[in-house]
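So the structure is just underneath, and the comments pick up after that.
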């Protein structure tokens, strides 16, 4: 064994041709002896580098009060599990978000090669290969979650000195590189049906008029109001204001692990809508008709309604309808009335073949598309109705905003050509709007944006 200079430890070549490096820490171990780390590698420099990295990682943990043994056999997948449970979970994310991360990683990370690699096998190329593969296999939105978690994990491992470089930090996918992307997938995506067509909406309307499904009214209310499916299913009767023709979206249905423990089963729970705040939306004449119909059906068919829901399950328990049931009923109704969901098969990395097509979330996208592509569309007002949080003025619920929402192009106007009936409340007048009062509490930039928006709505 050759004695090296300080910091390089002792290195020797083994009979099999590999190299072994031994380094000693400046800290005393629990057995009253200096901590020693030993590593093997194919070359002398690799052995020194691996040993130095392992020693540095141990010393960092020791300085934090933890005498942790560095497990050389641990895979990136096991570190991802630790990172999500100990770091991501403690950032204050909701139970449904944590559950979504676990399910997404199970489907899009743990079944890929990179999760099986030990840390010394990692490099930039491995992360590039994984990012390109998962982006090719899945949609960009689906792939973005495991990719971002991988980048965060890489930085975390580097900070703990478990890897010599932050490999994933600056890796780009082929879709992000100029003039380099998967043309076959890009062309296939262009030919996919992204939203429901006008003909589909007419079929949904006819199914509602002919009582073909309990969920026809739910589908149309989504299309008419730009609410998400879980928000519609969790509406309470007190959320409806017939005097002012408004609906207050206070909560939505979500799933989480019991006690936020992934080893336990799932439970349904109510959570605040996406964006973290309730919102008030305008109830159009057709939306009002749908709400009244749902109320009538609830009174006639619901044996129990302990939570005072607008449209609970008509089964004995009277609880909120689940999104799983909604998805199944949408598929069944589409098959019955001839609505093409553009169902296609996709093979997962595990070999399992699944069917994918338009779902309840596509109803939300359809409603937003109708509103945003109409003549004189106002994206600020549309965002307010849909619950987007990108525009700061969306949570300012004033008479002027509700008046503006009345002008949103909805399915009943753009597709069904239904004649609006006079609402119970009188139209809000321009004189009721006090721009100075509404903008007093805003910052300079927000105040200017809000005043410009009101001037556009009330010239």
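How far apart, in nm, are the 7 Å Cα→Cβ label points at residue 328 and residue 28?
Reported label-point gap for residue 328 and residue 28 is 6.6 nm.
Report the full-extension gain for the segment residue 319 to residue 18: residue separation times 0.36 nm, less the Cα-Cα distance, to one decimal in nm.
Length gained, residue 319 through residue 18: 101.8 nm.
Sorting 110, 311 on the 10 Å Cβ count, fewest up front, what's the list?
Ordered by Cβ neighbours within 10 Å, fewest first: 110, 311.
Please arrange 340, 16, 132, 137 by how many other C-beta atoms lie within 10 Å of their C-beta, fewest to most.
Ranked by crowding around the Cβ, least crowded first: 16, 340, 137, 132.
Express the Stokes-Einstein translational diffusion coefficient of the range 198-360 in µm² s⁻¹, to the nearest whole number, given a Kirkwood radius over alpha-carbon pairs, 10 °C and a viscosity of 1.306 mPa s.
After rounding, the answer is 92 µm²/s.
How large is the convex hull of the Cα atoms of the range 226-308 per residue, expressed in Å³ as a whole number?
Considering the Cα atoms of the range 226-308, their hull volume per residue is 116 Å³.
Kindly rank 35-45, 245-255 from highest to lowest mean number of other beta carbons found within 10 Å of each residue.
245-255, 35-45
Using 0.36 nm per residue, how much length does the chain from residue 158 to residue 261 gain when fully extended, once their Cα-Cα distance is taken away?
Stretched out fully, the residue 158 to residue 261 stretch lengthens by 34.3 nm.
If each residue of separation counts as 0.36 nm, what is the full-extension length gain between residue 81 and residue 142 once their alpha-carbon separation is subtracted?
That pair, residue 81 and residue 142, stretches by 20.1 nm at full extension.
Report the Stokes-Einstein translational diffusion coefficient (µm² s⁻¹, integer) for the range 87-155, Rh taken as the Kirkwood radius over Cα pairs, at 4 °C with viscosity 1.567 mPa s.
Answer from the Stokes-Einstein relation: 102 µm²/s.
Coordinate-derived values only; no laboratory data. Note that this is a predicted model, so its numbers are computed, not measured. Every residue, glycine as well, gets a Cβ built from its backbone with ideal geometry; the counts of neighbours run over all protein chains shown.
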